[in-house]
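What follows is a set of notes on a single structure, which appears directly below.
Readers should treat all values here as calculations from the given coordinates under stated rules, not as data from a laboratory. None of these values were measured; they are calculated from a predicted model. No Cβ is skipped: glycine too gets one built from the backbone with ideal geometry, and neighbour counts run over all protein chains shown.
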Ligand code: ADP
Ligand code: MG
């Protein structure tokens with residue numbers, strides 16, 4: 001038998017590698033921008049056509065490449081950034097794996113133009129399918145321009161897998177934003193289909209953040225700044241009032257690299273504990289610098305995840321630094337230097353950190369008084385508005401008593417026995433409804449009683465109501481007297497733009513206002529005005545949670561989110577009339593017995609069952 005193992009040809013090996021590094025246009029954008037930053041550019045321009053599906057081009061004024069390097073750059077594992085294994089532990093550049101350009105050349109039609117300052121002429125290279133088609137000297141400015149056309153032109157399966165332009169654009173904006181935030185000293189611009197989307201002059205960190213997140217942040221950032229022997233942390237957290245219902249503006253950079261870390265995110269959240277509502281997310285842009293030997297960034301091909309040598313120290317450090325910053329912001333108006341000194345003296349903000357020291361910060365009296373004050377303020381406003389909302393929504397109808405007017409009640413399917421028989425029940429008119437724990441409604445029927453879960457029942461009612469309007473006539477909109485503007489992070493803005501037509505069908509009249517902002521012209525008639533912003537932010541956040549769920553259409557997801565969002569909550573006290581309308585409306589639903597996600601909305605307890613329980 002002949003031997004059967006063969007080495008893969010380069011172009012195939014590169015295509016396989018590309019699968020990890022270049023998943024979508026945004027991944028290529030990230031790699032190209034990072035290469036430009038690594039090359040020491042002070043100006044980086046990104047050009048996008050068709051959400052990167054047709055063209056992605058990055059032009060920089062960095063150090064450029066020699067003729068040989070320009071050719072070498074496209075070989076796999078070709079890098080100028082590490083030479084030996086020790087280098088892997090002192091990485092200061094964004095790239096180091098030498099895979100990006102090889103991967104890009106394997107799945108797109110690439111043109112490179114590059115020139116170093118010391119060279120008379122630059123180099124032009126055309127390459128596709130990992131094959132060099134052309135290489136010649138050319139006139140060029142100092143720096144590098146790489147353009148890649150028709151991404152995945154030779155891998156149709158991957159090309160077909162790309163999402164809508166709006167979705168791909170959202171990913172691109174996200175990556176662009178992250179790189180731009182990491183390098184405020186570099187000028188960045190971005191054009192999409194010939195229109196300038198970002199124009200970010202070089203400046204301070206704060207200027208860059210405000211340029212990207214929006215000028216409403218200007219006065220609302222609290223600066224974080226702690227230096228220790230082990231690491232430094234700096235950047236900004238949003239004041240508690242900037243917390244949003246949607247997890248938009250949360251950024252961690254470690255040694256200038258954007259990273260995802262649920263663990264560190266948790267540390268920031270707990271620092272905000274009790275200063276913001278439970279279901280909202282603080283905004284932050286935090287930079288951590290530490291000795292590269294303390295982290296391993298080589299755990300993931302796209303380098304968005306890293307391992308810390310000591311995670312617990314990181315956690316305690318981040319949490320304490322944010323708490324410290326928030327505490328200073330809170331007491332600043334009183335300028336009480338003794339208090340200030342007290343914080344400074346906290347173990348948890350001096351160096352270095354250990355896990356048990358982190359408790360010192362959270363249990364300090366200072367933090368407690370501080371958080372309680374804010375908590376009381378915050379919760380009061382919130383609950384009131386929900387209550388008011390609910391009452392307006394369920395404006396009690398004029399009483400029209402009489403047994404025959406009562407809703408007909410179907411037995412929930414889960415409770416039906418195998419010899420299924422649809423029964424009709426009547427909620428007894430003269431028996432008052434009883435609310436238990438502000439969550440359950442007990443309604444007597446002619447053959448027992450129902451235990452209705454108020455939130456789940458309401459979710460079903462709203463789901464059907466929104467469903468009808470989304471597929472039939474548009475939901476009633478109340479025009480805002482004073483249209484509210486909404487400013488979002490780039491990726492959220494792209495998502496919202498994508499949803500506008502569907503939002504309109506359920507009553508949200510939202511118009512783009514340029515620069516990632518929107519004007520809310522009208523909201524569904526049953527959303528409390530004054531709550532417009534919140535409700536849209538919440539909707540975006542919930543939608544994002546849903547968005548991996550491909551079995552639902554966009555519209556279906558929206559309707560489900562809306563129903564969940566607008567449903568009255570458990571814990572809310574209801575009047576007799578409100579309970580009655582809720583129960584009546586529930587039983588006019590097509591499927592009153594379950595929520596859209598399949599939880600029961602009520603349970604039925606029959607008299608004969610109750611009798612049996614008591615041995616009667
Ligand atoms: P890595 O960034 O991991 O080294 P890449 O495949 O992204 O790998 O790039 C390969 C090499 O090409 C880099 O190490 C660098 O020397 C060179 N290079 C890439 N892009 C540029 C650029 N914009 N300017 C100058 N050199 C570049
Ligand atoms: Mg690179």
*In a solvent-free Debye calculation with one equal scatterer on each Cα, what is log10 I(q)/I(0) for segment 10-203 at q = 0.08 Å⁻¹, listed in the order of the q values?*
-0.24
_If packing is taken as the average count of other Cβ atoms within 10 Å, what order do 580-590, 312-322 fall into, highest mean first?_
312-322, 580-590
*Taking Cα atoms of segment 477-525, Rg/Rh with Kirkwood Rh, to two decimals?*
0.96
*Would you mind computing Rg(Cα) / (2.2 N^0.38 Å) for segment 206-328, counting N as its residues?*
1.02
*How would you order 142-155, 95-108 from highest to lowest mean count of nearby Cβ atoms within 10 Å?*
95-108, 142-155
*Give the order of 532, 174, 311 when sorted by the count of other beta carbons within 10 angstrom, beginning with the fewest.*
311, 174, 532
*What are the semi-axes of the equivalent ellipsoid of segment 434-602, taken as the square roots of 5 times the eigenvalues of the Cα gyration tensor, listed largest first and rounded to whole Å?*
32, 17, 14
*Of 94, 579, how do they rank once you tally other Cβ atoms within 10 Å and put the fewest first?*
579, 94
_Highest mean first, how do 452-461, 84-93 rank when packing is the count of other Cβ atoms within 10 Å averaged over residues?_
452-461, 84-93
*Binned Cα-Cα distances of segment 243-315, short to long, each 5 Å bin given as a whole percent*: 3, 15, 26, 24, 15, 10, 6, 1
_D_trans [Stokes-Einstein, Kirkwood Rh over alpha-carbon pairs] for segment 1-93, 4 °C, 1.567 mPa s, µm² s⁻¹_ = 82
_Ellipsoid semi-axes in whole angstrom, largest first, where each is sqrt(5λ) of the Cα gyration tensor of segment 229-279_ = 21, 12, 11
